[in-house]
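Each value in this text was obtained by applying a stated rule to the coordinates, not by laboratory testing. All figures in this text were calculated on a predicted structure; none of them were measured in a lab. Cβ: placed from backbone, ideal geometry, glycine included. Neighbour counts: every protein chain shown.
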Amino acid sequence: METKDKLQQWMKRKKKSGNAVAKELGISAAAFSQWLKGVYTGDNEKIEKAVEDYLKRETEKTSIAPNEIPFQKTSIAMRVFDVAKMAHLCCDIGLCYGDAGLGKTRAVKQYAAAHQGVILIEADCGYNGKILFQEICQKIGIDTKARNVHALLEAIVKKLKDSGRLIIIDEAEQLPYRALEMLRRIHDKANIGILLVGMPRLLYNLRGKQGEYAQLFSRVGVSSKLEPLKPEDTEMLVESVFEDVSNPAIKAFQKECYGNTRRLAKLIARAGMIAQLNECEIDKAVIEGASEMLIV
C-alpha cells in the first residue's frame with residue numbers, strides 16, 4: 001500500500017484533518033493538500049519521508065500507550081467527598097488542603113460530575129475577585145457585560161439564593177484575599193455551600209499572617225488535611241490497571257510512589273511502557289527503573 005493511502009486511512013480512522021496533520025508534519029496545509037492530490041511540484045520525496053516517519057511514530061505511540069488509572073475511591077477521594085457533601089448539604093464553607101499530586105482535582109471533578117448543581121471553578125494565578133465572579137456568572141448563565149463587581153455579586157446572590165447549590169474552587173490558594181472574602185459574601189448572602197480545595201498554603205491564606213482574617217476563617221465549618229495514599233489505596237490503583245500483578249510488585253509501587261497519587265500514576269505508565277518495550281513482566285526491577293526516570 002502506498003504511503004498516501006496508509007496516511008489517508010489513518011486520518012479517517014483517527015478523524016484527523018489535513019490541516020492538523022500538516023501542522024504536526026511541520027509543512028504548510030497547502031503543500032500537504034497538493035501532495036495528497038499528486039500535484040505538488042516541490043520536494044515530494046521529502047514530504048513522503050516525513051509522512052512515513054510520522055506514521056511509524058504514531059503507530060509506536062499507540063502500541064505503547066501509557067496505562068491510565070481509572071478513578072478509584074481512595075481514602076483521599078473519600079475524604080474530599082465527605083467534606084464536599086457536608087458543605088453541600090449544610091450550606092457551609094468547607095476546606096480540603098494537602099500536598100500537590102494527591103488527587104484533589106480528580107476527586108472534586110468526580111464529585112461535580114456526580115452531583116447536579118455543583119459549580120466547579122479551577123482557579124489560576126491570574127484570578128482576582130472580578131475574574132472569579134465573571135467565571136461563576138458564566139457557569140450559571142448570567143450575562144457579565146457592563147457589570148461592576150458589586151453588580152456581579154448581587155446577580156450571583158439573586159440567582160443562587162437558597163438554591164442548595166455548591167461552589168467548588170479548586171487550587172483556591174491562587175486566589176487573593178479579596179476574592180476569598182467575596183466568596184464569603186456569596187456564602188453569607190446566598191446561603192449556599194462553598195468548598196475550597198488547594199495546597200497547604202491555602203490554610204495560611206485564610207488565617208492571615210497574624211490571624212487578621214478571622215471573619216473569613218471563622219466561617220469554615222468543616223475542614224480536612226489530606227494525607228498521603230495508604231498501602232491499600234496503592235494496591236487498589238495498581239490492580240485497577242494491571243491484572244495479576246504480583247505482591248512484590250505492589251510492594252515496590254508502594255515504596256516508590258511515596259504515597260503520592262500523581263507519582264504513582266507516572267510510575268504505572270512508565271513501568272507499563274518499559275515492560276512492553278522489553279517484553280517482560282512488571283516486577284520490582286522494572287518499577288525501580290521507572291522510578292529512576294521520574295523527577296517528582
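So the values come out like this:
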{"read-out": "Neighbour net charge for residue 173 - beta-carbon separation under 13 angstrom, K R +1, D E -1", "value": "-2"}
{"read-out": "Viscosity 0.692 mPa s, temperature 37 °C, Stokes-Einstein D of the stretch 3-63 from Kirkwood C-alpha radius, µm²/s", "value": "281"}
{"read-out": "Segment residue 201-residue 5, length gained on full extension (0.36 nm per residue, minus Cα span)", "value": "65.0 nm"}
{"read-out": "Selected from 43, 233, 99 as most flexible by GNM, with the chain as the system and alpha-carbon contacts under 10 Å", "value": "43"}
{"read-out": "Intensity falloff of the chain expressed as log10 I(q)/I(0), Debye formula with alpha-carbon point scatterers, at q = 0.07, 0.08, 0.09 Å⁻¹", "value": "-0.43, -0.54, -0.66"}
{"read-out": "In nm, spacing of pseudo-spin labels at residue 151 and residue 90 (7 Å Cα→C-beta vector)", "value": "3.8"}
{"read-out": "Relative contact order %, the chain, counting alpha carbon pairs below 8 Å whose residues are six or more apart", "value": "22"}
{"read-out": "Sites residue 219 and residue 52, calculated FRET efficiency, Cβ-Cβ separation with R0 35 Å, nearest 0.05", "value": "0.05"}
{"read-out": "Residue-count net charge about residue 291 - beta-carbon cut-off 10 Å; Lys, Arg +1, Asp, Glu -1", "value": "+1"}
{"read-out": "Computed [θ] at 222 nm, helices only, for the chain once each DSSP H run of length n ≥ 4 contributes -39500 (n - 2.57)", "value": "-18000 deg cm²/dmol"}
{"read-out": "Positive minus negative residues near residue 106 (Lys, Arg vs Asp, Glu; Cβ under 15 Å)", "value": "+1"}
{"read-out": "Computed P(r) (all Cα pairs; the stretch 75-225; 10 Å bins; percent)", "value": "12, 45, 36, 7, 0"}
{"read-out": "The stretch 1-46: GluC sites (Glu not before Pro) in DSSP loop, at most 13 other beta carbons within 10 Å", "value": "2"}
{"read-out": "Ranked 59, 3, criterion: other C-beta atoms within 10 Å, fewest first", "value": "59, 3"}
{"read-out": "GluC sites (Glu not before Pro) lying in DSSP loop within the stretch 175-262, provided at most 14 other Cβ fall within 10 Å", "value": "212, 243"}
{"read-out": "13 Å cut-off, amide nitrogen to a point 7 angstrom out along residue 236 Cα→Cβ, residues in the stretch 96-117", "value": "107"}
{"read-out": "Value of relative contact order over the stretch 175-296, rounded to a whole percent, pairs C-alpha under 8 Å and six or more apart", "value": "18"}
{"read-out": "The chain: most fluctuating residue of 34, 215, 174 per GNM, C-alpha cutoff 10 Å", "value": "34"}
{"read-out": "When each of 85/139; 14/109; 15/73; 16/56; 85/130 is checked by Cα-Cα distance, pairs over 22 Å", "value": "14/109; 15/73; 85/130"}
{"read-out": "Longest DSSP-loop-exposure-free segment, trypsin sites (Lys or Arg not before Pro), the chain, at most 11 other Cβ within 10 Å", "value": "16-144"}
{"read-out": "For the stretch 231-292, diffusion coefficient by Stokes-Einstein and Kirkwood Rh (Cα), 37 °C, 0.692 mPa s, µm²/s", "value": "295"}
{"read-out": "Value of relative contact order over the stretch 110-201, rounded to a whole percent, pairs C-alpha under 8 Å and six or more apart", "value": "35"}
